[in-house]
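Beneath this line is the structure, given in structure tokens, with notes to follow.
The values are calculated or read from the model by the stated rules, or taken from the named source; none is laboratory data. Only a predicted model underlies this, so the values are computations on that prediction, with no experimental measurement involved. All Cβ positions, glycine included, derive from the backbone under ideal geometry; neighbour counts span all protein chains shown.
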């Protein structure tokens with residue numbers, strides 16, 4: 001793809017020689033080779049190759065063209081290649097447009113640009129270049145249902161996973177008004193999630209695709225629970241695909257998502273922040289009902305597998321969740337509570353089979369989507385919805401085992417020997433892809449790889465895995481308390497681009513040094529004092545223990561000021577009033 005940047009417009013030309021022109025002055029958009037011309041007196045500032053066009057962002061100083069310079073092929077679904085986005089750039093319409101706003105606004109805009117770059121350059125975004133013929137935001141079953149309707153991509157794309165829809169708003173508007181197929185070629189949805197493919201014997205392809213819901217997207221402690229529209233945090237649709245050929249394949253879908261109640265767990269320097277509940281039972285029942293109704297409409301029957309503890313703060317949360325589901329009185333929704341930590345204590349992960357035995361009738365009844373020689377043989381009529389407290393570590397372990405259970409049936413239907421699954425090569429592919437998937441989904445939400453992932457990767461827990469879990473837990477503690485404010489704002493800025501009044505945004509970093517800086521200064525001064533004036537060993541121990549005790553007391557007293565808080569994302573304003581369970 002080629003991009004020409006002039007003082008009057010952007011001219012983009014794709015591999016099919018289709019041309020998209022964006023006028024800088026009035027932001028008008030034109031499609032067609034007849035617009036590919038440079039006017040007299042028009043200056044070309046840059047002409048370069050790019051890999052793709054994401055859309056147009058409107059920030060404080062004006063508009064920015066969002067493109068990416070590079071991409072990596074990561075898979076192929078029914079002959080349609082899927083790519084991972086790399087090297088994203090935001091190109092200003094005018095070189096000096098930031099000079100038109102105030103100095104504080106310039107600083108804020110640089111931070112906004114950095115947030116968007118950080119998110120889009122995370123290597124967590126994917127796309128299918130052939131979006132006119134194949135919609136990667138849809139599962140194979142949904143796509144099979146709608147593909148013959150010959151609708152344009154902007155109409156078929158699942159809005160939950162169409163992350164750049166707002167940024168393509170002008171192009172979509174042109175497509176709607178002109179019904180021009182050439183315009184649709186410039187509407188390429190991108191989604192956040194995970195894609196990886198492994199090949200067995202050069203003919204059987206195993207692909208895992210996860211699509212993250214952009215509604216209520218964010219970080220581990222700042223986004224929990226549900227909103228008033230029924231959207232839950234860390235909501236991910238995961239599809240496992242087995243392909244023999246373009247017309248013989250199967251697909252199995254699961255979802256994960258936060259407990260669908262109004263609750264929060266904002267970081268406060270404690271290892272496990274207190275769970276806070278909001279709203280009356282009635283206020284919680286409505287969005288919970290919306291959530292499960294949406295799942296029923298999209299997927300059919302739902303088995304809600306709850307993996308949290310039956311003790312402590314998780315107990316109250318689990319009880320409220322169980323009551324909410326039972327109050328639905330829905331034949332399409334079933335609740336199963338499996339206390340993962342209790343049942344699998346002392347690394348007895350073989351006991352997960354107890355859960356599998358409980359839900360196996362649902363897995364078998366729901367079936368999976370299967371197409372043989374172009375003809376639909378079976379459809380998936382329901383899903384397993386899994387959650388733990390974070391919907392990461394326990395959830396990934398259980399999802400991998402559930403999908404493994406379904407995989408045997410898929411291989412039988414595809415006329416492949418079940419022994420293929422026990423083949424070391426294929427078994428290794430399956431475990432590694434699911435472990436990579438667990439790490440990626442965890443990185444997006446918590447900032448670190450998944451815990452308990454050694455079991456997913458090797459089939460057993462190990463001392464090395466436990467040590468890695470400890471390292472990741474410490475890293476999570478640091479990131480969730482001291483880095484997640486800006487990460488949360490990055491998610492919120494990108495997904496609510498048109499809803500935020502950026503002019504009122506307090507520029508990040510303007511409040512001075514981090515509180516941690518002052519703590520380190522105090523510790524340094526204390527060390528200098530201790531070194532300069534040697535004291536008795538016992539007195540030395542008392543001195544350091546006392547100092548650390550005082551610092552801890554101060555830290556927890558002013559914890560809300562110490563943790564890194566988001567400034568764009570509204571914290572409690574979206575919740576009803578607090579309550580105790």
Residue that is modelled with the lowest pLDDT [pool: residues in the stretch 455-485 that are in contact with a helix residue (DSSP H, G or I) (Cβ under 6 Å, 6 or more places away or on another chain) and not in a helix (DSSP H, G or I)]
461
For the stretch 16-31, what are the residues that are touching a residue at least 24 places away in the same chain (Cβ under 8 Å), closer than 23 Å to residue 130 by Cβ and assigned to a loop (DSSP other than H, G, I, E, B)?
16, 18
Quick test for you: out of 51, 57, pick the one residue that is surrounded by 13 or more Cβ atoms within 10 Å (Cβ to Cβ), closer than 30 Å to residue 203 by Cα and in contact (Cβ under 8 Å) with a residue 40 or more places away in the chain.
51
Looking only at the stretch 1-31, count every residue that is over 25 Å from residue 87 (Cβ atoms) and in contact with a strand residue (DSSP E or B) (Cβ under 6 Å, 6 or more places away or on another chain) and tell me the total.
3
Among the residues of the stretch 11-23, which ones are more than 16 Å from residue 169 (Cα to Cα) and surrounded by 12 or more Cβ atoms within 10 Å (Cβ to Cβ)?
11, 12, 13, 14, 18, 19
For the stretch 244-269, the count of residues that are over 24 Å from the mean Cα position of the chain (by Cα) and crowded, with 24+ Cβ neighbours inside 10 Å equals 1
Within the stretch 141-148, can one find any residue that is at pLDDT 90 or above, in contact with a helix residue (DSSP H, G or I) (Cβ under 7 Å, 6 or more places away or on another chain) and closer than 20 Å to residue 84 by Cβ?
no
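Restricting the search to the stretch 153-187, which residues are part of a loop (DSSP other than H, G, I, E, B) and either within 30 Å of residue 367 (Cα to Cα) or out of contact with any helix residue (DSSP H, G or I) (no Cβ under 8 Å at 6 or more places or on another chain) (or both)?
The answer is 157, 158, 159, 160, 161, 162, 163, 164, 179, 185.
Take residue 207 and tell me if it is over 19 Å from the mean Cα position of the chain (by Cα) and over 30 Å from residue 271 (Cα atoms).
Values: over 19 Å from the mean Cα position of the chain (by Cα): no; over 30 Å from residue 271 (Cα atoms): yes.
So residue 207 does not fit the description; no.
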Which condition breaks for residue 449 when tested against (1) surrounded by fewer than 14 Cβ atoms within 10 Å (Cβ to Cβ); (2) part of a loop (DSSP other than H, G, I, E, B)?
(1)
Among (1) under 30 Å from residue 283 (Cβ atoms); (2) crowded, with 18+ Cβ neighbours inside 10 Å; (3) in contact with a helix residue (DSSP H, G or I) (Cβ under 7 Å, 6 or more places away or on another chain), there is one condition residue 228 misses while meeting the rest; what is its number?
(2)
Which strands (runs of 3 or more DSSP E) sit wholly inside the stretch 205-286 and have at least 1 residues that are within 28 Å of residue 403 (Cβ to Cβ) and modelled with pLDDT of 95 or more?
236-245, 248-256
Look through 136, 101 and report the one residue that is at pLDDT 95 or above and either touching a strand residue (DSSP E or B) at 6+ places or on another chain (Cβ under 9 Å) or over 21 Å from residue 211 (Cα atoms) (or both).
136
Just to be sure before I move on: is residue 34 more than 24 Å from the chain's Cα centre (by Cα) and either over 24 Å from residue 181 (Cα atoms) or part of a loop (DSSP other than H, G, I, E, B) (or both) in the structure I sent?
no
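Only residues that are surrounded by fewer than 16 Cβ atoms within 10 Å (Cβ to Cβ) and assigned to a strand (DSSP E or B): list them for the stretch 70-80, please.
Taking the stretch 70-80 as the starting set, the residues that turn out to be surrounded by fewer than 16 Cβ atoms within 10 Å (Cβ to Cβ) are 70, 72-73, 79.
Answer for the stretch 70-80, where residues must be surrounded by fewer than 16 Cβ atoms within 10 Å (Cβ to Cβ) and assigned to a strand (DSSP E or B): 70, 72, 73.
Considering only the stretch 297-410, give the strands (runs of 3 or more DSSP E) lying wholly within it that have at least 2 residues that are surrounded by 16 or more Cβ atoms within 10 Å (Cβ to Cβ), at pLDDT 95 or above and touching a strand residue (DSSP E or B) at 6+ places or on another chain (Cβ under 7 Å).
Details: elements: 301-306, 333-337, 369-372, 375-378, 382-387.
Once the strands (runs of 3 or more DSSP E) in the stretch 297-410 are filtered for at least 2 residues that are surrounded by 16 or more Cβ atoms within 10 Å (Cβ to Cβ), at pLDDT 95 or above and touching a strand residue (DSSP E or B) at 6+ places or on another chain (Cβ under 7 Å), what remains is 301-306, 333-337, 369-372, 382-387.
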Any residue that is buried (at least 20 other Cβ atoms within 10 Å of the Cβ) and farther than 25 Å from residue 270 by Cα - is there at least one of those in the stretch 463-481?
no
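May I ask you to say which residue of 131, 165, 122, 108 is under 30 Å from residue 503 (Cβ atoms) and surrounded by 21 or more Cβ atoms within 10 Å (Cβ to Cβ)? Steps first, answer last, please.
Details: 131 fails: under 30 Å from residue 503 (Cβ atoms); 165 fails: surrounded by 21 or more Cβ atoms within 10 Å (Cβ to Cβ); 122 fails: surrounded by 21 or more Cβ atoms within 10 Å (Cβ to Cβ).
Of the residues listed, the single one that is under 30 Å from residue 503 (Cβ atoms) and surrounded by 21 or more Cβ atoms within 10 Å (Cβ to Cβ) is 108.
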